[in-house]
Amino acid sequence: MTRIQGAPADVASARTTDFDAVVVGAGFSGLYMLYRLRQLGLSARVYEAGDGVGGTWYWNRYPGARCDSESVYYCYTFSPELAQEWEWTERYPAQPEILRYLNHVADRFDLRRDIQLNTRVTSATYDQATERWQIGTADGGRVTATYFITAIGCLSATNIPQIEGLDTFQGRWYHTSRWPHEGVDFTGQRVAVIGTGSTGIQAVPEIAKQAAQLTVFQRTPNYTVPARNAPLDPEAYRELKATYPAIQQKSRESGFGMPFAPPERSALSVTPEERQRIYEAGWQKGGFRFFLDTFNDIALNKAANDTAADFIRAKIQEIVHDPDTAELLMPRDYPYGTKRPPIDTDYYETFNRDNVKLVDLRRSPIETITPTGLRTTEAEYEFDSIVFATGFDAMTGGFFRIDIRGRDGLSLKDRWAAGPRTYLGISTHGFPNLFMITGPGSPSVLSNMPISIEQHVEWIADCIAYLRAHDLASVEPSLDAEDRWVAHVNEVAAGTLFPLANSWYLGANIPGKPRVFMPYVGGVGNYRKICADVAAKGYEGFVLTPAWLAVR
Ligand code: NA7
């Protein structure tokens, strides 16, 4: 059978233009949302810009791309059968393995027939007369839906800095999240990596192994902790699978979506020797365990945080041979963990290689890209390739790439001009029947994403089921409920050290972006209770419009 590339296999569905729900994105969120919509008996279409499913894990294929959450927790929990049959191989899953997992999920639950690939949604307008969303795609397609659901990911709009001269560069340049599918061979090349966030920190050691020379351009040094990746121990994995449901429940009720209870001790409550021992144990366990298993006030108390920051700086000094390079790699002007904490494999060690050099962009910013490389205020460099590991227009950038308009033609971009405004991070006033999976104002990026995604998808599916059971045409948060939620998100963040760093959580990485703390830092378990309570109270804070009242 021939079929149009990317069109759903089911021909009837391909011809349909009116759906109960349209979902944007076929990553972790979009796949599970489709599954739940189908369970409700609704017609749904998922649009995906890529030519495969996988979302973040479809796009981010740079060398060293790997999840920072542990594989056995970074997965769906909704299907006990799926959880039992899938076998992760390493402590932290590499990008190709997660992509295989998501493709397996798409096949196992027969999801592909309602997913249209290679199709970017460009507009979504709420039509008050019909109470439907009118959705436009880049290929000129037009469909309508009662519910418009964004599953666009928090980190999907790439940030390619506006540096003069990029168009004149005669070598090759790449952004890590738009990596060529065939891979890149840097053998023998002079390579620049710009950016030292989680991505740069994963990519640098891998690129250094191939390139003739690697120059790393650092604007802000980062605190990174060894991941200590390794193959999973089959015996321990079997034991864990035997208790999976209880572990998964623990994740749902936890602070960060992982089944680790925070230790009941302050970093300031122990002797310096004991503290050193605890940090060293965390450093050896590796990854987020350094943050999660050591002390309970690292993110809350500056003096406590200083002890963690001092410990990491001492490690940098110990690992990196050249004292000047070590000094440059040491963060000193923001608390540990207040920018997304990276984890690494041999990042600091890589700076001991003869072919790797670190350039401090604070001291000498990039002036221009030249045809043969780039020039800072201090020096000129020649490169065959430039890699931008410069991150994303986080949390709101993905929304603004779509022209989303609610009641009275109100544009989401205008409504959020001073920063995103949501109720529960799921909905926003003026946009009836728009649901956002892991939107700003929800724990999202401060949590183990699949756990937060499942909670949102299930909440949205329950909400839609409620609307239909009660013959309600639409749901939309009241302005008052939204204002209170935004104030609460800010208040909780203000009680932590998070606002002290120029992070993408605050939009600080994008010139001109309003400085607003976007994720909800109140904890996955607490947040889950709040959402459940709102639903239990008949969707408190939302305006529900009965179908018979709706304008026709
Ligand atoms: P990040 O964490 O935003 O890191 C981007 C890096 O690029 C960071 O070091 C930035 O410095 C740097 N950057 C950004 N713009 C520039 C310009 N114009 N010039 C020089 N350097 C720049 O993105 P990642 O992709 O590493 O990680 C994103 C998330 O993916 C990660 O947190 C995980 O959740 C997975 P800055 O710190 O802003 O000074």
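Brief remarks follow.
- Leading residue by the ranking (nearest to residue 353 (Cα to Cα)) among those in the range 169-201 that are within 11 Å of the ligand (Cβ to nearest atom) and polar (S, T, N, Q): 196
- Just one residue in the set 465, 501 is within 16 Å of the ligand (Cβ to nearest atom) and surrounded by fewer than 21 Cβ atoms within 10 Å (Cβ to Cβ); that residue is 501.
- Failed criterion for residue 476 (all others in (1) crowded, with 18+ Cβ neighbours inside 10 Å; (2) not in a strand (DSSP E or B) hold): (2)
Listed here are the residues, each with its yes/no results for (1) assigned to a loop (DSSP other than H, G, I, E, B); (2) within 16 Å of the ligand (Cβ to nearest atom).
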site: 203; (1), (2): no, yes
site: 209; (1), (2): no, no
site: 220; (1), (2): yes, yes
site: 228; (1), (2): yes, no
site: 249; (1), (2): no, no
site: 252; (1), (2): no, no
site: 258; (1), (2): yes, yes
site: 263; (1), (2): yes, no
site: 268; (1), (2): yes, no
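- Leading residue by the ranking (surrounded by the most Cβ atoms within 10 Å (Cβ to Cβ)) among those in the range 88-118 that are farther than 26 Å from residue 45 by Cβ and in contact with a Pro (Cβ under 9 Å, 6 or more places away or on another chain): 91
- Pair list, Cβ under 6 Å, 6 or more apart: the range 300-316 residue of a type in the set (S, T, N, Q), other residue surrounded by fewer than 21 Cβ atoms within 10 Å (Cβ to Cβ): 305/497
- Test: residue in the range 34-52 that is within 16 Å of the ligand (Cβ to nearest atom), at pLDDT 95 or above and surrounded by 21 or more Cβ atoms within 10 Å (Cβ to Cβ): no
- Taking (1) loosely packed, with under 14 Cβ neighbours inside 10 Å; (2) more than 14 Å from the ligand (Cβ to nearest atom); (3) not acidic (Asp, Glu) in turn, residue 146 satisfies each apart from (1).
- For residue 529, the conditions (1) over 25 Å from residue 331 (Cβ atoms); (2) touching a residue at least 12 places away in the same chain (Cβ under 8 Å) all hold with the exception of (2).
- Count - residues of the range 316-334 that are under 23 Å from residue 298 (Cα atoms), away from the ligand (no atom under 15 Å from the Cβ) and crowded, with 20+ Cβ neighbours inside 10 Å: 1
- The range 514-531, subset in contact with a strand residue (DSSP E or B) (Cβ under 8 Å, 6 or more places away or on another chain) and not in a helix (DSSP H, G or I), residue surrounded by the fewest Cβ atoms within 10 Å (Cβ to Cβ): 519
- The set of residues in the range 532-545 being outside any helix (DSSP H, G or I) and surrounded by 14 or more Cβ atoms within 10 Å (Cβ to Cβ) consists of 539, 541, 542, 543, 544, 545.
- Residue, surrounded by the fewest Cβ atoms within 10 Å (Cβ to Cβ), within the range 381-413, restricted to residues that are among the β-branched types (Val, Ile, Thr) and farther than 24 Å from residue 173 by Cβ: 402
- Residues in the range 335-358 that are farther than 30 Å from residue 495 by Cβ, within 16 Å of the ligand (Cβ to nearest atom) and either without any contact (Cβ under 8 Å) to a residue 40 or more places away in the chain or of a type in the set (Phe, Trp, Tyr) (or both): 347, 348, 351.
- Evaluation of residue 486 against (1) surrounded by 15 or more Cβ atoms within 10 Å (Cβ to Cβ); (2) touching a His at 6+ places or on another chain (Cβ under 8 Å); (3) not acidic (Asp, Glu) (one fails), failing number: (2)
Every residue, every condition in (1) loosely packed, with under 14 Cβ neighbours inside 10 Å; (2) of a type in the set (Asp, Glu), yes or no:
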{"residue": "246", "(1), (2)": "yes, no"}
{"residue": "251", "(1), (2)": "no, no"}
{"residue": "255", "(1), (2)": "no, no"}
{"residue": "262", "(1), (2)": "no, no"}
{"residue": "271", "(1), (2)": "yes, no"}
{"residue": "276", "(1), (2)": "no, no"}
{"residue": "281", "(1), (2)": "yes, no"}
{"residue": "293", "(1), (2)": "no, yes"}
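- The requirement of being within 16 Å of the ligand (Cβ to nearest atom) and at negative phi is fulfilled somewhere in the range 398-421, by at least one residue.
- Within the range 479-500, the residues that satisfy the criterion of being of a type in the set (A, V, I, L, M) and without any contact (Cβ under 8 Å) to a residue 40 or more places away in the chain are 487, 492, 493, 494.
- Qualifying residue in the range 146-154 (condition: within 25 Å of residue 396 (Cβ to Cβ) and either part of a helix (DSSP H, G or I) or at pLDDT below 95 (or both)): no
- Comparison of 279, 237 shows that the only residue that is under 14 Å from residue 70 (Cα atoms), in contact (Cβ under 8 Å) with a residue 12 or more places away in the chain and among the hydroxyl-bearing types (Ser, Thr, Tyr) is 237.
- Selection status of residue 215, assigned to a strand (DSSP E or B), surrounded by fewer than 24 Cβ atoms within 10 Å (Cβ to Cβ) and either more than 16 Å from the ligand (Cβ to nearest atom) or at pLDDT 95 or above (or both): yes
The values are calculated or read from the model by the stated rules, or taken from the named source; none is laboratory data. Because the structure is a prediction, the values reported are computed rather than measured. Virtual Cβ from ideal backbone geometry, glycine too; neighbours counted across all protein chains shown.
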